[in-house]
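Following: one structure in structure tokens, then a few remarks.
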Amino acid sequence: MKRLAILASGSGSNAEKIMDHFKNSSKASIALVASNKLDAYVLERAKKFNVPTFTFTRKEMEAGVLLEKLKEENIDWVILAGFLLKIPVELIRAFPDKMVNIHPALLPKYGGKGMYGAHVHEAVKAAGEKETGITIHLVNENYDEGKIIFQAHTALDELDTPDSIAAKVHELEHKYFPTVIEELLD
Ligand code: GAR
């Protein structure tokens, strides 16, 4: 049985889909939901699934507190589901090829510094893109540049707004992220 930790900074709709997917799994369990935001809604969602939660500040993470907790909990895989802080390199190195991120666009487009959440969808709209999508990738030391595991596309038209783009992207994320994680564990 693999022990997964989810790191999330916000609402946690992806985290919820993942917790739901693995709730009766014999392959993996969600052993921890950790957030850098004390009031992140993802923490409420975790309670609903009886998943233990952990919160920490950026400074604590940078001082190794989160890594310590993940070791203490014997975590095998770290899942980034809307986690918006830069991960310290020691933490990335502690989970080689065992840390996976979801990005709300088709990398390598719309990745890198400042490209998260609504900023991504605004940039996609401003560029007049005809499609966008999701990228699930391993995390290496150059954050959005790790090995791409999976991408899915969705068409856009001129009537789309950043909000409608976000909704289309979330739909893809919810549909694919849990099963892509499950396949990775094999
Ligand atoms: C998701 O769309 C995820 O792809 C994005 O944050 C959102 C979190 O939504 N992540 C990034 O932008 C990382 N660069 P959720 O809290 O409802 O799961």
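Results, tabulated for the structure shown:
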| read-out | value |
| --- | --- |
| Test result for LYS59, away from the ligand (no atom under 16 Å from the Cβ) and either in contact with a strand residue (DSSP E or B) (Cβ under 7 Å, 6 or more places away or on another chain) or at pLDDT 95 or above (or both) | yes |
| Pair list, Cβ under 7 Å, 6 or more apart: the range 45-73 residue at negative phi, other residue open to solvent by 100 Å² or more (accessible area, probe 1.4 Å) | PHE49/LYS23; THR55/LEU38; LEU67/GLU90 |
| Of residues in the range 68-80 being more than 11 Å from ALA34 (Cβ to Cβ) and open to solvent by 20 Å² or more (accessible area, probe 1.4 Å), the one nearest to the ligand (Cβ to nearest atom) | ASP76 |
| Selection within the range 1-23 - under 15 Å from HIS103 (Cα atoms) and among the hydrophobic types (A, V, I, L, M, F, W, C) | ILE6, LEU7, ALA8, ALA15 |
| Those residues of the range 38-51 which are part of a loop (DSSP other than H, G, I, E, B), of a type outside the set (Val, Ile, Thr) and open to solvent by less than 70 Å² (accessible area, probe 1.4 Å), in sequence order | ALA40, PHE49 |
| Leading residue by the ranking (farthest from the ligand (Cβ to nearest atom)) among those in the range 1-26 that are free of Cβ contacts under 8 Å to residues at least 60 places away in the same chain and surrounded by 18 or more Cβ atoms within 10 Å (Cβ to Cβ) | MET19 |
| Residues of the range 96-128 satisfying the condition of being under 22 Å from VAL65 (Cβ atoms) and more than 15 Å from the chain's Cα centre (by Cα) | PRO96 |
| Subset of the range 137-151 that is open to solvent by 20 Å² or more (accessible area, probe 1.4 Å) and touching a His at 6+ places or on another chain (Cβ under 7 Å) - its residue that is farthest from the ligand (Cβ to nearest atom) | LYS147 |
| Residue list for the range 156-166, filter: open to solvent by less than 70 Å² (accessible area, probe 1.4 Å) and either more than 10 Å from the ligand (Cβ to nearest atom) or in contact with a Phe, Trp or Tyr (Cβ under 6 Å, 6 or more places away or on another chain) (or both) | LEU156, ASP160, THR161, PRO162, SER164, ILE165 |
| Extreme residue, nearest to the ligand (Cβ to nearest atom), among residues of the range 81-136 that are among the aromatic types (Phe, Trp, Tyr) and open to solvent by less than 60 Å² (accessible area, probe 1.4 Å) | PHE83 |
| Hits in the range 55-86 - residues which are closer than 30 Å to THR132 by Cβ, in contact with a Leu (Cβ under 8 Å, 6 or more places away or on another chain) and part of a loop (DSSP other than H, G, I, E, B) | ALA81, PHE83 |
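The values are calculated or read from the model by the stated rules, or taken from the named source; none is laboratory data. These numbers were taken from a predicted model, which means no experiment stands behind them. Methodologically, a virtual Cβ is constructed for each residue, glycine included, from the backbone with ideal geometry; neighbour enumeration extends over all protein chains shown. Heavy atoms of the whole protein, side chains included, go into the accessibility calculation; ligands, DNA and RNA do not. Shrake-Rupley method; radii C 1.70, N 1.55, O 1.52, S 1.80 Å.
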